[in-house]
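The values are calculated or read from the model by the stated rules, or taken from the named source; none is laboratory data. From a predicted model like this one, the values you see are computed outputs, not experimental measurements. Here Cβ is always computed from backbone atoms with ideal geometry, including for glycine, and neighbour counts include all displayed protein chains. The accessibility values were calculated without ligands, DNA or RNA, using every heavy atom of the protein model including side chains. Shrake-Rupley method; radii C 1.70, N 1.55, O 1.52, S 1.80 Å.
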Amino acid sequence: MTLQTTEMGYFRPVGSQSFGDKRKAPRAFDQQPLEATATIAACLAAWRCDGDFRWRADAERAFEWFLGSNDLSILLVDLETGSCCDGLHPSRANEKQSGESVVSYLLGLAEIRRLAHSAGDSRKSGRLRALPAQVH
């Protein structure tokens, strides 16, 4: 998670420009929903195994990437329709909304909803408290 956190504390998925680079630091762009969702799932699996709330916070922070807590402060999803941009370029969102991106967002949303509604858990942190009811 250290490699996927900006100096400002935002989640930054490893950019696909990094793919194939060996022994180099990850590049910042092009960030894609698939990596954000995989990170959410991995962090929550780690949290369920060892109970360390840092993993839970990391999962929430990765989900917040979709909601504008990212390098460009751009909302990547349409909360009305559930559509999701294909990623984040250095200066803009990729406005294409492919099925892979939509499914990635919806899988991440399902994980976060499950987390928020887990037995006896009414706690929500960060921007998740401010989300519209349809997201919770």
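The portion of the accessible surface of the stretch 1-53 made up by carbon and sulfur, rounded to a whole percent, is 57 (1.4 Å probe; DNA, RNA and ligands excluded).
Net charge in the neighbourhood of Lys96 (other residues with Cβ under 12 Å of its Cβ; Lys, Arg +1, Asp, Glu -1) is -3.
When only Cα pairs below 8 angstrom with a gap of at least 6 residues are kept, the stretch 1-102 shows a relative contact order of 23 percent. Element breakdown for the stretch 65-113 at a 1.4 angstrom probe: carbon and sulfur atoms account for 52% of the accessible area. Inter-label distance, His117 to Glu80: 2.5 nm, where each label sits 7 Å from its Cα along the C-beta direction.
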